[in-house]
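Peer 1: One structure, pasted below without further comment.
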């Protein structure tokens, strides 16, 4: 279902802060000790432990304050039905830092007023939205989830109350981060360690890069938590891949491009090495944006900065522990990666491959850098191991219930109370990634009674009909002849000529109508009604082929009981439609008060 969004948003800034330059910051003793213990050769695992303890960045500067954002949305189909356009919305609204007003001078603006109320499910002049508030006291935040269309001053008062509370309850709303390696100082060989920490942070972030994940749907953002890929979904979408729900904030079908992971570095050629990536994770489609950045990257094989450090700090490079022969980067494994990857691989170094979540490694996971500077590696590949969530129909229930299942996992099936399971009691995720046995062979069934009970049709109201042995609402056009009346649609405020039966049928299906003066509608007289549509108090005049009053009608089938006033009398009487019709035929003035009996 398509939606149109209206966003009211603003920020309140109460203070700014900025830390000293890294050169002048005092290091905490635990962090300083960790820096001092770092090796002067690049051992990724050691540097990685420091990153996991202290992070990759620290807070350099930012603002304290609050951020106000409330989202209102409307059904696009309803907008089209009412003839509303985006241009009308802009022309009908004015907004500022503290108010939102819908102008009422145009017909289109009154329609916008009604659309905002019906879409938010609210009544009166309040429209509810989805608030995303940062900062401020809880009591002030609670009043920001709605706006009053006819009370901009009240909106301003609630907003101002929240904005004032931000001073006592601020949040960091705008922040700038600085890489952690900028704090490497006051330890021996700090320049070399700073270089290696920078290199380790790059590897660490690449190791947790969501480029290894399958693309999310509906504009969701992929991320890595621990060793698993997850999707952060946009508002009103959900599911393991954000595949469920309705995308309301962006245009459906528009997919922005994202980069694949960088390839491994190529062997050195002319003193340089290179790597590449592709904009296919996913590729842009439906008018989406292309990837930003370079597709190919090249750099010297021997880091120029390290060459400089070898000259100015030679004591930091112990040749006795520095390998001199290296293999090229390990062979690429599709849907997999090297555990604890390093920047260089000396002769004799072994690595272990692993696969992404949802894949299992088949073959030898270990590879070794040989004396000939070639990798000794066997056949291996990552095989998809996850079965998708099966579709359970007819009341079937499954346990455990999760987005994906590894090969060999089972789902235990059961049925609701009063039904029995026909077929297998569990299904298995096969290596083919299909469920066995086929879900189509399993179903929940109700027990067949030994004696078929006698089916009796229920007695329904005149505005109801029988469907599958139950009374259900008729559609208004299915009503037979009934007493005419005039009613107002509570949603559109339009007057409509109806009958008592049609009004009951509309209320039965959830519509809201109220009775109004009969003069507000064009109601047909008996002489204007053709034979075949005569009411119970009328008969057919063959000569004119129209309905006339039947004064001899006994009103045996009186129809629906109503409440009415007769000939201006203040006393209300409960009567049938037929009785009201006969009184009208006799010249009495009958005013319908309610389509139900009098209280």
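The values are calculated or read from the model by the stated rules, or taken from the named source; none is laboratory data. Note that this is a predicted model, so its numbers are computed, not measured. All Cβ positions, even for glycine, are placed from backbone atoms using ideal geometry, and neighbour counts span all protein chains on display.
Peer 1: Evaluate the following for residue 562: is it outside any loop (DSSP other than H, G, I, E, B) and either under 13 Å from residue 499 (Cα atoms) or outside the structural domain of residue 487 (by TED's automatic domain parsing) (or both)?
Peer 2: Taking the combined requirement at face value, the residue satisfies it.
Peer 1: Give me the pairs, please: first residue somewhere in the range 41-61 and under 10 Å from residue 201 (Cα atoms), second residue anywhere and in a strand (DSSP E or B), beta-carbon distance under 6 Å, and either six or more positions apart or on two chains.
Peer 2: Close Cβ pairs satisfying both conditions: 57/177; 57/179.
Peer 1: Looking at the range 581-599, I want the residues that are more than 17 Å from residue 503 (Cα to Cα) and have a partner that is loosely packed, with under 14 Cβ neighbours inside 10 Å with Cβ atoms under 6 Å, at least 6 apart or on another chain. Which pairs are those?
Peer 2: From residues that are more than 17 Å from residue 503 (Cα to Cα), the pairs are 588/567; 589/567.
Peer 1: Against the condition closer than 23 Å to residue 42 by Cβ, surrounded by fewer than 15 Cβ atoms within 10 Å (Cβ to Cβ), touching a residue at least 12 places away in the same chain (Cβ under 8 Å) and in contact with a strand residue (DSSP E or B) (Cβ under 8 Å, 6 or more places away or on another chain), how does residue 296 come out, does it pass?
Peer 2: no
Peer 1: On the given criteria, is residue 524 assigned to a helix (DSSP H, G or I) and in the same structural domain as residue 504 (by TED's automatic domain parsing)?
Peer 2: no
Peer 1: Looking only at the range 567-599, which residues are part of a strand (DSSP E or B) and crowded, with 17+ Cβ neighbours inside 10 Å?
Peer 2: Residues satisfying the conditions are 573, 575, 576, 590, 592.
Peer 1: What single numbered condition from (1) assigned to a loop (DSSP other than H, G, I, E, B); (2) outside the structural domain of residue 411 (by TED's automatic domain parsing) fails to hold for residue 501?
Peer 2: (1)
Peer 1: Would you point out the residue of the range 202-261, among those that are within 20 Å of residue 48 (Cα to Cα) and out of contact with any strand residue (DSSP E or B) (no Cβ under 9 Å at 6 or more places or on another chain), that is modelled with the lowest pLDDT?
Peer 2: 226
Peer 1: Applying the selection to the range 5-24, what residues are loosely packed, with under 15 Cβ neighbours inside 10 Å and closer than 30 Å to residue 193 by Cβ?
Peer 2: Matches in the range 5-24: 17, 18, 19, 20, 21, 23, 24.
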